[in-house]
Every structure is written in structure tokens, then in C-alpha cells.
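The values are calculated or read from the model by the stated rules, or taken from the named source; none is laboratory data. The structure presented is a predicted model; accordingly, all values stated were derived computationally and were not measured. Cβ sites come from the backbone with ideal geometry, for glycine too, and all protein chains shown count toward neighbours. With ligands, DNA and RNA removed, areas are computed over all heavy atoms of the protein, side chains included. Shrake-Rupley method; radii C 1.70, N 1.55, O 1.52, S 1.80 Å.
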Amino acid sequence: MKHLESREMETELFKITDENRNRPDALAALKKAGRILRDGGLVAFPTETVYGLGGDALNPESSRKIYAAKGRPSDNPLIVHICRWEDLAPIVREIPETARKLGAAFWPGPLTMILEKSDKVPKETTGGLSTVAVRMPSDRTALSLIREAGGYVAAPSANASGRPSPTLAKHVKEDLSGKIEMILDGGQACIGLESTIVDLTEAVPTILRPGYITKEMLSGILGEVETDRAILPEGSDAPPKAPGMKYRHYAPKAELTIIAGDEAAVVKRINELVQKAEGKGLRSGVIATDATAGSYGTALVKSAGDRAKEEEAARELYRILREFDGENVDVIYSEAFEENGFGQAVMNRLLKAAGHRMEYVR
Ligand code: TXA
Ligand code: MG
């Protein structure tokens, strides 16, 4: 008889789109998902950045279950997701003026704020820290689910620890099927990279993780804003202030190297590397852009979209990395992307996936 793993459970999948969102079956599914969370279970749900793995943020047992399902170290704090501004005050010690301004400008949206926590938030949720990360997502399914769940949903990205964050429900299924009660499928995440994290407990607001809300956008509201030195290329030896940024993340199975420089020189160099790999019997994958995708001969090429539009690369990056994991490539070469604005977040994730292997050509 086949051995059955006793701790596996049936994971229910329900799709919610703009067409069915107000129909009785979708409303019933949201109610059910909310009830699962209030009862201490786990539900993965779409957000505008990436899919989240939700649990009741005020229930220490739920947070423990989240760490277990992801296989994530429990000193890595979770983001508490809310759906109404009034719900912020009870979970923080005070709301500084900086938070009011950023909330008015960017919530609901892809921005997470670090604030001093109140006693209402268990230490299991914050990985033992006295601060709490809070975000109000803009995705409509996420907002409805948070409301149904009672207002406070702790949610890390819904990937198994060490895999790219999920941008499609099928990615969540790959990693967490059998480990959580339910997955809400909202289609492709429209941003594709995790939220910007800004620490408001420091004298100068500090970006701990770059994202769609850029430094320029934050300083347009707050004035002076810093970036945690640990996430800048020149500061990569310093310990990062966001505990999660220190773990090896977003890493594909095949060794990934980024090639930066002039477009023609990059194409030439990647082709040399592909040939060299082939000589050793290794199969190459290439992350290219629409303009260059036809230039790489026998390699398995995936385009991250239009080079001039960093939001396209952001949306496709994690999907591409996951696909390569399933496709027997031995090495991956990626073109580098522009590092201004949102491009900084794209390069931050790509560099992490590459273990900071980057070659400059000219
Ligand atoms: O876009 C997002 O933020 C997604 C969606 C689901 O909302 N969530 C997400 O969560 O990316 P996660 O757990 O994968 O990443 C949270 C990051 C980690 O690097 C963690 O260390 C950091 O936020 N963090 C959480 N609480 C913190 C705190 N109190 N102080 C410093 N860093 C904190
Ligand atoms: Mg994550």
C-alpha cells in the first residue's frame, strides 16, 4: 500500500476575477477563506505585488504555521496586512507624521512601513522584534479577504523558502499544495516584485527593500530618505536591517550570471559564454529582452519584455526563473537592466538570484 503523508491536507483552489467577484459563489469562497483564517488556518491570496501566504496576524499559532508551511526561519518577521486606515492605530505604539503622509500618498498599494508595535501583535509574528511591518495592499481580493478575516492578516510571499516569490496561483500550488487550506487565484500579479519596505522608526526614513515605490517617490513626500547600505552594491558586507534580506533568496537551480554593458557587447559576450558551455556539454538559458531574444542561437531564450519598460521585466522575472528550474538548463545568463527608478528593484532581485555574479563588458 502507498504510504500517505499524514500531515498533508486537501488544498482548495478558487478563482476570483473581476467578472465573478460579486457572484454568490465568489462571495461564499471569500467568506470561507476568511473563516479559515479566523479559525487559525492558512490561505494564499493574490496581491498586486506577489501572492501572500496569509494567517491571522494576532494569533501566534497561525504565525508558527506560516513558518512551518514555508520552511522559513522563525526569526524572519512577517508583514501584517490591513484593509482600513483605522486598523493601523491598534497595532502600533504611535502613528508618526511620516506614516500619515506615506499612507495618504501610497496606501492602498505596494508600500510596507516599519513602525514600533503595540502589545496586540504577538512576537511570533514579528520574529521577536519590537517593530512591526504593515502594508495595505490594493488588490481587491486581498482587501476583501482581510476584511473577512477580521482585519489583520500576516503574509509573507507564498513561496517555499528559497524559491522565487509566486506571481501566479500555479506557483503557489507548486510550493504549498497539501500544506495550506486554500488558495485564491487572482491571475497574474500585476507588479511582480515584493513591496518597497521603509523603516519609519529611524531618525531618517530608510528603505530596507526597493520596490515599485521608489526612493524618488518617497522623498517627494518626506524629503530626506536613506537606503539601507546593506542593499546597495557597495555595502553588501553590512548586515541588512530587514532580517529577510540576509537569507539566500530567489535563487534558480542553475547558476545565474548577469552580463552588463552596451547591448551589442552583451549579446556578443553571452553568445561566447553559451558556446563555451555547449563545449562542456552544458545547456544554457538566456534572459533577454524583446529586441535581443532572436540573437542567441541554440540557447533556451526567455524575453523579459521591452528593455525600455522595467515594469515588464519586474512582472516576468520570477516566472522566468521558475520556468528555468523546470527546464533542465545548467547555466543561465541574463542581460542586465537599467538601475534607475523601479529598475533598482528589478536589479536588486536579479543580483540576489545570481548570488551577485555580474560581469561588465564593453
Ligand atoms: O509585497 C510584499 O511585501 C509581499 C506581499 C505578500 O505583501 N510580502 C512579502 O513578505 O514580501 P516577505 O515575508 O516575503 O518579506 C517581508 C520582508 C522580510 O525581508 C522581512 O525580514 C522584512 O520584510 N520585515 C518584516 N518585518 C520587519 C521588521 N519589523 N523590521 C525589519 N524588517 C522586517
Ligand atoms: Mg519572501
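Applying 1/(1 + (r/R0)^6) with r as the Cβ-Cβ distance of ALA89 and GLN188 and R0 = 22 angstrom yields a FRET efficiency of 0.05.
The convex hull around the C-alpha trace of segment 58-158, projected and averaged over every direction, spans 5.9 square nanometres. Scattering from the chain was approximated by placing one identical point on each alpha carbon and applying the Debye formula without solvent; log10 I(q)/I(0) at 0.09, 0.12, 0.15 1/Å stands at -0.51, -0.89, -1.29. Computed in the context of the full set of protein chains, the accessible area of the chain at 1.4 Å probe radius has 48% of its extent on carbon or sulfur. Under a Cβ-Cβ cut-off of 9 Å, what is the net charge of the residues other than PRO205 that fall near it, where Lys and Arg count +1 and Asp and Glu count -1? Once positives and negatives cancel, what remains is -4.
Here the label points at LYS31 and ALA105, each 7 Å from Cα along the C-beta direction, are separated by 4.1 nm in the simple model. Couplings for segment 136-146, taken from phi via the Karplus curve 6.51 cos²θ - 1.76 cosθ + 1.60 with θ = phi - 60°, read 10, x, 9, 4, 5, 5, 4, 4, 5, 5, 4 Hz in order; Gly and Pro are left as x. Report the calculated FRET efficiency for ARG362 and LEU129 (r = Cβ-Cβ distance, R0 = 45 Å), to the nearest 0.05. Efficiency at R0 = 45 Å is approximately 0.50. Per residue, the Cα convex hull of segment 318-358 amounts to 69 Å³. Database remark: amide H of GLU226 closer than 5 angstrom to the amide H of THR206, ILE207 (H placed geometrically; neighbours at sequence offset of 5 or more, or on other chains; Pro and chain starts carry no H).
Sparsely packed loop sites in segment 8-97 (the GluC sites (Glu not before Pro) outside DSSP H, G, I, E and B with at most 10 other Cβ atoms within 10 Å) comprise GLU8, GLU10, GLU19, GLU94.
Rounded to the nearest 20 debye, the dipole magnitude of segment 106-194 is 20 debye, with +1 charges on Lys and Arg beta carbons, -1 on Asp and Glu beta carbons, and the Cα centre as origin.
For segment 149-174, backbone nitrogen atoms closer than 20 Å to the point 7 Å from ARG21 Cα along Cα-to-C-beta are found at 149-153, 167-170. MET347 sits among other residues whose Cβ lies under 12 Å from its own Cβ, and their net charge, with Lys and Arg +1 and Asp and Glu -1, is -2.
Taking all protein chains together, CYS83, CYS190 sort by accessible area into CYS190, CYS83, largest first [probe 1.4 Å].
With a cut-off of 12 Å between beta carbons, the residues surrounding LEU321 carry a summed charge of +3, where Lys and Arg count +1 and Asp and Glu -1.
Taking 0.36 nm per residue of separation and subtracting the current Cα-Cα distance, fully stretching the chain between ALA203 and ASP75 would add 43.6 nm. Between 0 and 90 degrees, the angle of helix 310-325 with respect to the longest Cα principal axis of the chain falls at about 80 degrees. In loop segments of segment 275-307 as defined by DSSP, the trypsin sites (Lys or Arg not before Pro) with at most 12 further C-beta atoms inside 10 Å of their C-beta are LYS280.
With 20 Å as the limit, write out which pairs from LYS70/LYS170; LYS268/LYS302; LYS173/LYS352; LYS241/LYS352 have Cα-Cα distances beyond it, or answer none. Distance filter (> 20 Å) returns LYS173/LYS352. The alpha carbon centroids of segment 78-151 and segment 31-57 are separated by 15 Å. Computed with a 1.4 Å probe over protein heavy atoms only, the accessible surface of the chain comes to 44 Å² per residue.
Exposure check, 1.4 Å probe, all protein chains in place: LYS123 carries approximately 130 Å² of accessible surface.
With all protein chains in place and ligands, DNA and RNA left out, the 1.4 Å accessible area ranks TYR67, TYR360, TYR212 as TYR360, TYR212, TYR67, largest first.
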